[in-house]
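Structure, as structure tokens:
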Amino acid sequence: MRKIVLASNNRHKIHEIQGIFGPSWQVLGVSDVAPGLQWEETGKTFLENARIKIKALRPHVSGPIMADDSGLCVDALGGQPGVHSSSFGGIEGDHARNTAKLLKVMETVPQNHRQAHFYCLLLFVDAQNQEHQFDGRCDGLIAASRAGGGGFGYDPVFLPIGFSKTMAELSDQEKNAISHRGRAMAKLKEYLNKSG
């Protein structure tokens, strides 16, 4: 079994990526290799934030590392919350506050102007410290209210194009097939399979 360390403590994200990679890989998180390790995501872009995570984790891991930085970009808000998606509500990682604030600021935005997309920048750094970038995008609309108990983050208020239900109402298999992270991960997986 091949191992890869994800620069994250988000168990939802680790579980999601493990599901995409399948049983031939073991996806570990920060708490598995460097308990207590933290960093400040001060980057102005998704790539800068991913590099901050990799740099913090590298002294603790000799093998391959990956970091993703992803977010929700809402057209009516000029691309916000974007890189600030996880702290949009005022407290880092508080998904309920983030979605509540988003629904509040979008209250008066009509249905035909609620376009948004999830974006994921995935950074893979191999054992030789060579950097490889992969990205993915999922377009959709912001719903008027929360729906669904699956997923995490903004999933309960995001209606992907082609679906009449939110990302949080999709099965893991459905979500991974269309999600921004699923698409970026598929590119990485293809690269890893080719490079052996």
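Derivation of every value follows stated rules applied to the coordinates shown; laboratory data play no part. Please read all numbers here as calculations on a predicted model, not as lab measurements. For neighbour counting, all protein chains shown are included, and Cβ atoms are generated from backbone atoms with ideal geometry for every residue, glycine included.
Taking all Cα-Cα distances within the stretch 2-195, those exceeding 20 Å account for 54%. Within the straight-line cut-off of under 12 Å between alpha carbons, the aspartates and glutamates reachable from residue 53 are 40, 41, 68, 69, sequence neighbours fewer than 8 places apart in one chain being disregarded. Remark: the stretch 177-186, residue by residue, has Karplus-estimated 3J(HN,Hα) of 6, 10, 5, 4, 5, x, 5, 5, 5, 4 Hz, where x stands for each Gly or Pro and the curve is 6.51 cos²θ - 1.76 cosθ + 1.60 at θ = phi - 60°. Only lysines eight or more places from residue 55 in sequence, or on another chain, were considered; those with a Cα closer than 28 Å are 3, 13, 44, 187, 189, 194. In terms of the Cα gyration tensor, with a ≥ b ≥ c the square roots of its eigenvalues, is the stretch 1-81 rounded because a/c is under 1.5, prolate because a/b exceeds b/c, or oblate? It is oblate, given that a/c is not under 1.5 and a/b is not larger than b/c.
The alpha carbon radius of gyration of the stretch 98-149, expressed as a multiple of 2.2 N^0.38 Å, is 1.69. Estimated from the Cβ-Cβ distance and a Förster radius of 25 angstrom, the FRET efficiency linking residue 31 and residue 137 is about 0.30. Ordering 52-58, 131-137 by mean Cβ neighbour count within 10 Å, with the highest value first, yields 52-58, 131-137.
Scanning residues 5 or more positions from residue 135 or on other chains, those with amide H under 5 Å from its amide H are 122, with H placed 1.01 Å from N in the peptide plane. By the helix-only formula, in which each DSSP H run with n ≥ 4 contributes -39500 (n - 2.57) and the sum is divided by residues, the chain has a 222 nm mean residue ellipticity of -9000 deg cm²/dmol. Neighbours of residue 60 by Cβ distance under 14 Å: Lys/Arg scored +1, Asp/Glu scored -1, total +3.
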